[in-house]
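A short write-up of the structure that comes next.
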Amino acid sequence: MLIVQKFGGTSVGSIERIRRTADIVAGELARGHRLAVVVSAMSGETNRLIALAHELTPEPDSRELDALVATGEQVTAALLAIELQRRGIDARSFTGAQAGFRTDSSHVRARIQHIACERLLAHLDAGGVAVVTGFQGTDEQGNITTLGRGGSDTSAVALAIALKADICDIYTDVDGIYTTDPRIVPNARKMARISYEEMLEMASLGAKVLQTRSVELAMRHDMPIHLRSSFELVPGTIVTREDESMERAAISGVAYNRDEAKITIKGIPDHPGIAAGVFGPVADAGINVDVIVQNISEHGLTDITFTVPRSDFRATMAIMDKVCAEMGAKSVAGDDSVAKVSVVGVGMRSHSGVARKMFDALASEGINIQMITTSEIKITVVVDEQHVDQAVRVLHAAFELEKPREG
Ligand code: ADP
Ligand code: ASP
Ligand code: MG
């Protein structure tokens, strides 16, 4: 088999961990597999580098930020290659550029356009192991770009697709995908398998165990992901196509995202075009609006409330102050201490009463719901950030997610 392995920050967080990672690589080689290995920066390193830049200025240039943070992955790729070579393995490190990762030019959030992987393939065909830096590529002009936080997952899946690998093994500090973040709910249950679709919802709703884009790519190209622990070599969770053997419960997981801020525009004249007028300038600034609620209008005036990533809060407020003055709205208010909690499950399509159970559970804990949004396979509520852990726990219990199910 051809396997792309990815090792996250904690799996390469020290020399000792790099040795352990080399054990895993050597083990798979001994089983006769061909391997490309994608590595993250040592845990904490990306944050450390970003903090250094912020010591100089609050808004560092994004091209230079990319040049800076891309070094983290280069350190680990070289160290792992050195350790593998010491063991007599023909390993070689490749930067994003050397591995042929071509991206667009959106620094800090670049998207992979294609991977010119001939050089890597030649090394693999000659029996070597390729150790590739995750998280990075270069644009058409040769500028270094990075793929957004957690982007090494996406590097690994994209490389697996380009190399036509059989599977993408993602090694991390948990031994699988759980019904919710096991750091919040210790009795969360590990799933043997999860569909791309559900994993995509979980990831985009905040489950940072896999970067959303990596799941999107895996789903589009049907590249199975095995998410597993580098600390304990036990079977993890397979992310794959939905099939008969999967769970049929209404809800399969609870996700949360603290990275949210809420903005309310009050008393805006209600006529065709107001939503375009409000959200157009936000979109032009490259800001992603998430949950939107518009009230029924009274006396020709309406209120609009929406959420954006917390990091875009100040910029959005500045835009709204301007837009609202132009559109004659009464006031703009913001709150950057809200969070999103969601229940996810493909089974929701055929089960009713999920929303009611969710709202009852939150009410029983006195948690106020500020906004609600639904899709076919998820229900999301916006709540005060201080209630996130409590909300996740009560929902996990209400849907009895800790209980084993028929597989
Ligand atoms: P890496 O550095 O290896 O990429 P991450 O920190 O990005 O690791 O992702 C692993 C973490 O994701 C876990 O430690 C866990 O706290 C968190 N997590 C959030 N939701 C889930 C979930 N549903 N199942 C498993 N882990 C989850
Ligand atoms: N090192 C990068 C980050 O911390 C990419 C990754 O680890 O996936 O976001
Ligand atoms: Mg990660």
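The values are calculated or read from the model by the stated rules, or taken from the named source; none is laboratory data. This structure is a prediction, so every number in the text was calculated from the model and none was measured. Reconstructed Cβ throughout: ideal geometry from the backbone, glycine too, with neighbour counts over all protein chains shown. The accessibility values were calculated without ligands, DNA or RNA, using every heavy atom of the protein model including side chains. Shrake-Rupley method; radii C 1.70, N 1.55, O 1.52, S 1.80 Å.
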Inset, instruction - Determine if the range 87-108 includes at least one residue that is within 16 Å of ligand 3 (Cβ to nearest atom) and within 29 Å of P224 (Cβ to Cβ). - result: no
Inset, instruction - Output the number of the condition that E28 fails; it satisfies all remaining conditions of (1) farther than 27 Å from D139 by Cβ; (2) open to solvent by 10 Å² or more (accessible area, probe 1.4 Å); (3) within 16 Å of ligand 1 (Cβ to nearest atom). - result: (3)
Inset, instruction - State whether the residues of the range 87-101 include one that is away from ligand 1 (no atom under 16 Å from the Cβ), hydroxyl-bearing (S, T, Y) and under 21 Å from the mean Cα position of the chain (by Cα). - result: no
Inset, instruction - Considering (1) in contact (Cβ under 8 Å) with a residue 60 or more places away in the chain; (2) of a type outside the set (D, E, K, R); (3) more than 21 Å from A158 (Cα to Cα), say which one V69 fails and leave the rest. - result: (3)
Inset, instruction - Considering every residue within the range 8-15, establish whether at least one is more than 20 Å from the chain's Cα centre (by Cα), part of a helix (DSSP H, G or I) and either over 16 Å from G151 (Cα atoms) or β-branched (V, I, T) (or both). - result: yes
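Take I372 and tell me if it is open to solvent by less than 50 Å² (accessible area, probe 1.4 Å) and among the hydrophobic types (A, V, I, L, M, F, W, C).
No.
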Inset, instruction - Find the residue count for the range 250-285, including only residues that are among the basic types (K, R) and under 12 Å from M327 (Cα atoms). - result: 1
Legend entry - Members of the range 33-61 found to be in contact (Cβ under 8 Å) with a residue 24 or more places away in the chain, away from ligand 2 (no atom under 15 Å from the Cβ) and either open to solvent by 40 Å² or more (accessible area, probe 1.4 Å) or in contact with an Asp or Glu (Cβ under 8 Å, 6 or more places away or on another chain) (or both), listed by number: R34, L35
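Take the residues in the range 284-317 that are in a helix (DSSP H, G or I) and not acidic (D, E), then tell me which one is least open to solvent (accessible area, probe 1.4 Å). Can you show your working first?
Step one: filter the range 284-317 for residues in a helix (DSSP H, G or I), giving 284, 310-317.
Filter again for not acidic (D, E), leaving 310-311, 313-317.
Working: R310: 64, S311: 99, F313: 29, R314: 190, A315: 50, T316: 0, M317: 38 Å².
Among them, the one singled out is T316.
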